[in-house]
Every structure is written in structure tokens, then in C-alpha cells.
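One structure below.
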Amino acid sequence: MIVLGIETSCDESSVALLRGEEVLVNLVYSQAGLHARYGGVVPEVASRDHLRKLPPLVEEALRGAGVGFGDVGLVGVTQGPGLVGSLLVGLSYAKGLAMALDVPLVGVNHLEAHIFAHRLAHPGAEPPLLALIVSGGHTSLVHVRDWGRYREVGTTRDDAAGEALDKFGRLIGLSYPAGPAIDGLAEEGDPKAVPFPRPMIDSGLDFSFAGLKTAAVYWLRDHPHTRPEDLCASFLEAVVDVLSEKALRAAKVLEVRRMAVVGGVAANRRLREVLPARAAERGLEVHFPPAGLCTDNAAMVAACALFHYQELGRGSPLELPAIPDAGL
Ligand code: KG4
Ligand code: ZN
């Protein structure tokens, strides 16, 4: 079965082709350059660019995989959460394609798709597991009892981890999205240089990152000459510390021995160092997908669509709507 996946929930247009769970191609076109001068994603600009980029990307993916439209047996598409205009471009295209090819269409939850990045990267790693979803829009701890059975046990009360990094980056003059640049600068800095707070680290499984951003504003006001490398290393250390401690606490509460960290921030090198080291001390396993499956991509969408199609034995109704505020 060849599955074509489409992802357009935010500012990446992505198209993937899978043969079963084998990824044939996973093309990602990032609009980041378009939005950089606005300091964040402009929804109208994003949807127009998806419209421009998606059709040629599908053709490029088919060429790359050496297959034709006629080989596609299933279309999977992100239904939400995300920006409504961006979602609608992907959904409308996917519906048209499924209708024209007379194949089933499956609407996918973007957060569940992030969890499926783990399944793609580690085919043997079966639930139960704890998923830490850390992206620009979400920070959640999810108990994955089985594929398709989820319970969110913790989430952010304000900013997402990636959002906090992006806002902090903007404060120190980095362009959007700042996560990758902070990742690089932090390698050259001292994580102890600035004593940033660790919001809510000792209580519960929820997160809060807005206070950290405020702390950065005050620190910069009072210490404007701090090296950017030290600022980045210290800010990132606070984020990584909180994420790691909460994930370890959740694993303990839920009595799971395996963790999967997914979403754009899971590409972060410091997080990939700190969390596995602390988990190993407690006899826990932590898996991170390769960076290309952490950030938004259509391979994870296709994998999730295939799972639901096989579970249900049918696709979604063609009138399926965009759900901008979908939860897991
Ligand atoms: O999963 P994703 O691509 O999109 C959403 O669903 O939000 O995540 C994007 C987020 C952005 O906030 C970006 O700054 C962050 O992931 N990010 C990183 C890294 N790569 C992307 N944050 C830290 N280190 C990275 N290497
Ligand atoms: Zn995402």
C-alpha cells in the first residue's frame, strides 16, 4: 500500500510517500524565510504559500519515489490543530486528490502524528510509553497506553516550549524560528551564566514558560551586555531542565519505562543530551526520532493515517472539516 501524506498545519508544506511504514520520500518546504521579517507566522501569507507550493511538491514527491498518481492507495492529511487557512489548503487538496484517484482519505490529528514519528523511527518500540510533545504550538505529556489510546497528563498553562524559545530569540535579535539558532549558540555558552528560574519545576505535571520569558526581559534590561551565547545556553538550560524533570516525574507516576520525545524542540541537542542521561540514572529509556521527523513533516501524517485506516477498515467521510483547536 502506497500512502501519500500531506501536512500544512502551520508554516511547513510537506508531502511524503510511504510504502507500508517504509518512508520513500518526505519532502518539507519551510516558509520560515517568508515569515522571518514579521517575527512569527502570518496566517494569510502561510495559506497563500501552501496553495502555491503544495501541487508542485506532490509531483516532486512522486518523481522522487519513482511512483505515479495511480500507485497511491491512501491519502492522509492533517485535520488539526493548526491555522485554519493553512489546514484548509491541505484538506481541500487531499479531498480533491482522493476523489480523483478514487482512494480513501484519512484525516489525522497533528499531535497524534507527532507521536507516530516515534513509531516510524523505532518500529519495535511498542506502547505503553510516555510521549513528550514539544513543538512551537504544544508542550504536552501524553500517556500512550496503546496506539490510538491517549491520555494527556500534563500541558502548558501559557506558552509552548518552542514558542518560549522563539520569543526569547526575538528578544535577542534572532530571526524566527529561533530554536535552531539558540541550539547552535548555546553550544558555545555557559549554561550557568544567567540564573533563570525553572517555573513550576517542583509541582505537578503542567508547564509554564511565560515567566521565563519575562525573566529574560528583566535580565536584559539590567545586564544588556551579556554574551548572546551565555544567554542562549542559560535560557535553553532552564527549558531543558523543566522539560526533563516533568517528563521523569510523569514516567514515575504512570510507571512507564519508555519515553518518546517528539515535535520540533525534540531536535534540540541539549535536550537530547540531558534527558537520556537523567533517565538512564533511573533505568528509563528515552527515544528521539531523527531531527527530520521531529519538526513538522508529512511522513508522520501518512504513518498515522495508515494506522487508522487499518484499524477502521475505511477512510474518513469526504466532508471532514478542518479542526483548528483539535485536542488529542
Ligand atoms: O513541530 P514543529 O516543527 O511545529 C509545530 O508543530 O509547532 O516545531 C517548531 C518549533 C519552533 O518553535 C522551533 O523554534 C523549534 O520547534 N525548534 C527547535 C529546534 N528545531 C526546531 N528548538 C530547539 N532546538 C532546535 N534544534
Ligand atoms: Zn507540529
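Numbers at a glance
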read-out	value
Extreme residue, nearest to ASP49 (Cα to Cα), among residues of the stretch 12-37 that are within 16 Å of the chain's Cα centre (by Cα), of a type outside the set (Phe, Trp, Tyr) and open to solvent by 50 Å² or more (accessible area, probe 1.4 Å)	SER30
Qualifying residue in the stretch 112-124 (condition: part of a strand (DSSP E or B) and closer than 19 Å to LEU275 by Cβ)	no
Residue in the stretch 72-88 that is assigned to a helix (DSSP H, G or I), at pLDDT 95 or above and surrounded by 20 or more Cβ atoms within 10 Å (Cβ to Cβ) present	yes
Residues of the stretch 272-310 that turn out to be more than 16 Å from ligand 2 (Cβ to nearest atom), of a type in the set (A, V, I, L, M) and either assigned to a helix (DSSP H, G or I) or open to solvent by 40 Å² or more (accessible area, probe 1.4 Å) (or both), as a count	6
Selection within the stretch 153-186 - small (Gly, Ala, Ser) and either open to solvent by 50 Å² or more (accessible area, probe 1.4 Å) or assigned by TED's automatic domain parsing to the domain that holds HIS35 (or both)	GLY173, SER175
Subset of the stretch 23-56 (residues that are in a helix (DSSP H, G or I) and within 18 Å of LEU293 (Cα to Cα))	ALA32
In the stretch 187-216, residue most open to solvent (accessible area, probe 1.4 Å) [restricted to those that are away from ligand 1 (no atom under 16 Å from the Cβ) and small (Gly, Ala, Ser)]	SER203
Test: residue in the stretch 296-319 that is within 14 Å of ligand 1 (Cβ to nearest atom) and of a type in the set (Lys, Arg)	no
Out of ALA210, ALA131, sole residue that is within 16 Å of ligand 2 (Cβ to nearest atom) and in the same structural domain as ARG257 (by TED's automatic domain parsing)	ALA131
Complete set of residues in the stretch 218-248 that are open to solvent by 70 Å² or more (accessible area, probe 1.4 Å) and part of a helix (DSSP H, G or I)	TYR218, ARG221, ASP222
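The values are calculated or read from the model by the stated rules, or taken from the named source; none is laboratory data. Because the structure is predicted, anything quoted here is derived from the model rather than measured. Note: ideal-geometry Cβ built from the backbone for every residue, glycine included; neighbour counts use all protein chains shown. Ligands, DNA and RNA are stripped out before the accessible areas are found, and what is left, the full protein with its side chains, is counted by its heavy atoms. Shrake-Rupley method; radii C 1.70, N 1.55, O 1.52, S 1.80 Å.
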